[in-house]
There are 2 protein chains.
Amino acid sequence: MFAARNLRRKLGDSAEIELINAENYFVFQPLLPEVAAGQITAPHAATPLRLLLKGVFVRKAIVHGIDFEKREITVFQGVQRRPTVVRYDHLVLALGQSTDLSMITGLSEHAMTLKTLEDGRLLRSHVIEKLEHAEITQLPEVKRQTLTFTVIGAGFSGIETVGEMAEFIDRSLKYYKNVDRSEIRIVVIEMADRALAELPTTLGTYARRKLEARGIEFQLNTGVTSASGTHLVTSKGEWIGTRTIVATIGNAPSKLVRELGLPLKAGKIQVDRSFRVPEVDNVWALGDCALIPMVDSPQEKSDYAPPTAQFAVREARHLVKCIHASFRGKPLKPFSYSSKGALASLGARRGVGDLMGIKISGFPAWLIWRAYYVAFLPGMSTRFRVLMNWLLDMITPRNVAQLSKPRPPGARHVLYHAGDRIYEKGNRADGVYTVVSGAVEMITEDPQTGKEYRRRLGPGEHFGMRLILGEDRRQATARAAEHTRVLILEREEVMKIADGIEDFRHHFETLIERELGHYWDWRGTSSKNDVSAVD
Amino acid sequence: MFAARNLRRKLGDSAEIELINAENYFVFQPLLPEVAAGQITAPHAATPLRLLLKGVFVRKAIVHGIDFEKREITVFQGVQRRPTVVRYDHLVLALGQSTDLSMITGLSEHAMTLKTLEDGRLLRSHVIEKLEHAEITQLPEVKRQTLTFTVIGAGFSGIETVGEMAEFIDRSLKYYKNVDRSEIRIVVIEMADRALAELPTTLGTYARRKLEARGIEFQLNTGVTSASGTHLVTSKGEWIGTRTIVATIGNAPSKLVRELGLPLKAGKIQVDRSFRVPEVDNVWALGDCALIPMVDSPQEKSDYAPPTAQFAVREARHLVKCIHASFRGKPLKPFSYSSKGALASLGARRGVGDLMGIKISGFPAWLIWRAYYVAFLPGMSTRFRVLMNWLLDMITPRNVAQLSKPRPPGARHVLYHAGDRIYEKGNRADGVYTVVSGAVEMITEDPQTGKEYRRRLGPGEHFGMRLILGEDRRQATARAAEHTRVLILEREEVMKIADGIEDFRHHFETLIERELGHYWDWRGTSSKNDVSAVD
């Protein structure tokens, strides 16, 4: 966005500038923890690209592939399925990074991230749901799990997330009479030996102490070995019962960056000191997707530009000079910039930072943080909206309205640790379950004698099939006998697929007849709309 | 909400009052069109029930069933699957109404509604998506469809929705240089012979004329016979090419009301003039779910309380008096109230209304509408938030940021009219398709000779299966040969189910080998996370 805007300013009408982006808005990443904490509503944190980029053609599209020889980009635009080819003279890659959590078992299935505006909205809704659940549950273990919030990573993102989350919870507790602050556990888990490794040690320590004073627990030198819907297991062997895992780790190249065929190093596109991608013509890369050397023979991490907004904005400015110079056949100057410092908000009107070597902390740091980010926000109307939200937040209570969460996908995988209760007799039936790997033990009780029967299910076997017949309460209890991966299919999903795919229908028809002794009148239970009614 | 609040005020600590609701917030329905038009952000329009109802126990739960004999309600709370039984001495049913669009083919699949806050958010996102699509599409027919917006129903909800939607589009067009106002078609379809049948004829006519002057087309005396993703067919035989259908019709009793076993009339719970439900003890019903007689021997529709917020609030007030009287064994007074009038916003700072017989319209009506609703909003902080949003909207441009739409479900049914293009060769593959009913014609072309081959598929047959093998572009063109219902399964969905259910996997393995001559290495393509890695 900054590159396109600067190019437009520098080149005027002498060039056509186009920005291709999957979303039609710009969101300032450091505001995401505030969106997650309900301080700023999501729409007010987003600025439409079309508003910011007058004179730039904004194409809301997903890039499918790039042909560097032909200088063509193939894109799919919005809901369109027809591919569009966009030709370029110069191409700037500013693809950022995405997240890959697959290195830790269960993390992709059960952890939340905070990379997009939607993530922020979901996290807010999730935290409120946990408070609502804690308010009414009668089971002490479930209450402990719902009131335990874990954040993986104590970098800027992890610290700001946990600070804002704690403030949100603290300010909301007055509405939840059955929840006491002492029952809440907020844990930050960090591999390194300190928080905010990007800042001087004293500031990292200050941040940790301030957050600890607000009841946030730090586990340093600690990793995560696995996660499920109810637990997180640390490298020190602790089983933390939790239903909230926010992962701020796992930066990885985006799918497109991996597929471009450009030379990558540490998951980033290697460029020269003027952002040129070697071996391809007129292609430039900058921001988090690029590995930008700050010296001629880079040796270590600190010889490259750090992946911060501060640098990205300067890079965009310098890029325009490079492109302009290349037009006139002039030599390109190498990018150089030295950090003016760093700031982090700790929530609850406290911050910490290092501004040109001067260490600041507490309320002044928080105030500078806010002032800096408002000044930094692109677009007057967004600045104004964010300021209004902050003002509203100061004079009104935090809003705990839990806007609808998106429905979980109709088919999903869930992981259970050995011994986990999957469901209990009498529970609401929320899907048809299939063992994908591991083993499940089904426990039924003879209603006459009270005798317990146990049955072990392995991969490919189903349980909870009575839901297909419309029985919405569980008749048995299911527990994971080992580490187990389960496929959960919602009833509506089963019905829709059965309606179309006969082998799928037969599969369940046969099983239901054999195992439950029932005839499945699938037509009677599926959608009643009939297309032939149109004729 | 109003009943619980009034009961609390009247009865104080002498009673325990509990409110059971699926959401933890209250939203004022007349604000929904403004949420859909981006004038108020969704979180700012919602007021947490816990804030409004101090001293009332708020239970965020879904009611599973009511035993009127035992005076017990079985609920499922939030994400909990364990049922909870709630006992009552007095039960007030205020369940509102829901929507049933199944009477018109294709409407449940392809129409949007505006009953919940989430609906408002989705409609806003949907309209922006259409503008983004229109901005970049090269196909004139697709552009026409994306720029045609239809609203079914010209009652209060339909009129306010279309007025706000038109304002939103008009104010956003400056960002879409390739879209001209003349290309936009906004149509209201209404069975009756006039708009706003609830108001005097002159006002309905005024509203229609004002909206017509803003380029909105009215089709009165017109119904809808069918809908698909690209068309709406009217009872007059017109095929309107559109990708936006908002249905404000189809009020129907909610699932719970239907299942309660209480005497219904016109889909509503029949009560006496003091809201008592006959034949069950201590059960009261009011609001839109109840049929409340305003005279002793009601004959026609006008003898019952209309389903408006104005009446509902008065009913809640009178209910408290009735319950209080019943405690003291006193006779219950019948509910009586006469409407003080009605107001509708037409968007763009125009309104129309009838206040105690005085007809008002234009800007004054709009201003009174706003003042009335702000005064009516419960909770100071919500009032303040809504006012701030209105202020922001006056001084900043309308925000066209399209926040992420929820992903469509992994399995979904889509309807096509005969001749509809389902997809074309070269299109991005968005799912594995199965004919549920009707017929599909596949068109392939011999790359050497250019000769066309046509193949007809019937129920149970698949197309677009190459996506399973990872081919993300279509190799053939698919068209609906008749009215056809298709099941679309996303690739991820197919993979997840194949991972668990062998018969499903076999089904596709066999077909892929036979029809495409390929071996499907499904393990290589499915999720790489392996639970055994935990051990």
Would you check which residues across region A:356-373 are surrounded by 15 or more Cβ atoms within 10 Å (Cβ to Cβ) and either assigned to a loop (DSSP other than H, G, I, E, B) or in contact with a helix residue (DSSP H, G or I) (Cβ under 8 Å, 6 or more places away or on another chain) (or both) and list them? A:Lys359, A:Ile360, A:Ser361, A:Arg370, A:Tyr373
Is there any pair with a first residue in region A:298-312 that is free of Cβ contacts under 8 Å to residues at least 40 places away in the same chain and a second that is buried (at least 17 other Cβ atoms within 10 Å of the Cβ) and assigned to a helix (DSSP H, G or I) whose Cβ atoms are under 8 Å apart and which are 6 or more apart or on different chains, and what are they? A:Ala305/A:Phe311; A:Ala305/A:Glu315
Of everything in region B:139-158, what is within 12 Å of chain A (Cβ to nearest Cβ) and either buried (at least 23 other Cβ atoms within 10 Å of the Cβ) or under 25 Å from B:Leu196 (Cα atoms) (or both)? Give them in sequence order. B:Thr146
Consider only pairs whose beta carbons are under 9 Å apart and that are at least six residues apart or on different chains; among these, list those whose first residue lies in region B:225-238 and is over 15 Å from B:Glu190 (Cα atoms) and whose second residue is of a type in the set (Ser, Thr, Tyr) and assigned to a loop (DSSP other than H, G, I, E, B). B:Ala227/B:Thr242; B:Thr230/B:Thr242; B:His231/B:Thr242
Selection from region B:412-435 of residues that are facing chain A (nearest Cβ under 9 Å), crowded, with 22+ Cβ neighbours inside 10 Å and among the hydrophobic types (A, V, I, L, M, F, W, C): B:Leu415, B:Val435
When region A:215-230 is examined, which residues are found to be among the hydroxyl-bearing types (Ser, Thr, Tyr) and not in a strand (DSSP E or B)? A:Thr222, A:Ser228, A:Thr230
Residues of region B:101-130 satisfying the condition of being facing chain A (nearest Cβ under 10 Å) and in a strand (DSSP E or B): B:Thr105
Flag for B:Ile136 being touching a residue at least 40 places away in the same chain (Cβ under 8 Å), more than 7 Å from chain A (Cβ to nearest Cβ) and on the phi < 0 side of the Ramachandran plot: no
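Rundown of residues vs (1) surrounded by 13 or more Cβ atoms within 10 Å (Cβ to Cβ); (2) free of Cβ contacts under 8 Å to residues at least 60 places away in the same chain; (3) assigned by TED's automatic domain parsing to the domain that holds A:Ala111, yes/no style:
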site: A:Glu259; (1), (2), (3): yes, no, no
site: A:Ala266; (1), (2), (3): no, yes, no
site: A:Val283; (1), (2), (3): yes, no, no
site: A:Asp288; (1), (2), (3): yes, no, no
site: A:Pro293; (1), (2), (3): yes, yes, no
What tally of residues in region B:262-317 results from selecting those that are assigned to a strand (DSSP E or B) and more than 18 Å from B:Ile66 (Cβ to Cβ)? 4
Which residue, of B:Leu123, B:Leu131, B:Leu53, is under 26 Å from the mean Cα position of the chain (by Cα) and either under 25 Å from A:Lys405 (Cα atoms) or surrounded by fewer than 18 Cβ atoms within 10 Å (Cβ to Cβ) (or both)? B:Leu123
From the residues in region A:389-442 that are among the polar types (S, T, N, Q) and within 28 Å of B:Glu23 (Cβ to Cβ), which one is modelled with the lowest pLDDT? A:Ser404
Take the residues of region B:507-535 that are within 11 Å of B:Leu469 (Cβ to Cβ) and modelled with pLDDT under 65: which is surrounded by the fewest Cβ atoms within 10 Å (Cβ to Cβ)? B:Gly524
Name every residue in region A:75-100 that is crowded, with 16+ Cβ neighbours inside 10 Å and not in a loop (DSSP other than H, G, I, E, B), in order of residue number. A:Val75, A:Phe76, A:Gln77, A:Pro83, A:Thr84, A:Val86, A:Leu91, A:Val92, A:Leu93, A:Ser98, A:Thr99
Got a number for residues in region B:475-501 being more than 33 Å from the chain's Cα centre (by Cα), modelled with pLDDT of 90 or more and at the interface with chain A (Cβ under 8 Å from one of its Cβ atoms)? 1
Conditions (1) within 14 Å of chain A (Cβ to nearest Cβ); (2) β-branched (Val, Ile, Thr); (3) surrounded by fewer than 22 Cβ atoms within 10 Å (Cβ to Cβ): number failed by B:Val386: (3)
Residue check, B:Thr113 against (1) under 30 Å from B:Val320 (Cβ atoms); (2) modelled with pLDDT of 95 or more; (3) touching an Asp or Glu at 6+ places or on another chain (Cβ under 6 Å), all met but one. Which one? (1)
Using the structure shown, decide if B:Leu403 is within 9 Å of chain A (Cβ to nearest Cβ) and in contact with an Asp or Glu (Cβ under 8 Å, 6 or more places away or on another chain). yes
How many residues does region B:330-347 contain that are in a loop (DSSP other than H, G, I, E, B) and closer than 24 Å to B:Leu211 by Cβ? 1
Selection from region B:495-520 of residues in contact (Cβ under 8 Å) with a residue 12 or more places away in the chain, closer than 19 Å to A:Asp499 by Cα and among the aromatic types (Phe, Trp, Tyr) yields B:Phe508
Name every residue in region B:189-244 that is under 16 Å from B:Ser157 (Cα atoms) and among the basic types (Lys, Arg), in order of residue number. B:Arg194, B:Arg208
What do you reckon, is B:Ala252 surrounded by fewer than 15 Cβ atoms within 10 Å (Cβ to Cβ), among the aliphatic types (A, V, I, L, M) and out of contact with any Phe, Trp or Tyr (no Cβ under 6 Å at 6 or more places or on another chain)? no
What number of residues within region A:231-253 satisfy the criterion of being assigned to a loop (DSSP other than H, G, I, E, B) and either modelled with pLDDT under 95 or not polar (S, T, N, Q) (or both)? 7
Please indicate, with yes or no, whether at least one residue in region A:175-195 is within 14 Å of chain B (Cβ to nearest Cβ) and under 21 Å from the mean Cα position of the chain (by Cα). no
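The values are calculated or read from the model by the stated rules, or taken from the named source; none is laboratory data. This one's a predicted model, so the numbers in the text were calculated from it and none came from an experiment. Backbone-built Cβ (ideal geometry, glycine too); neighbour counts: all protein chains shown.
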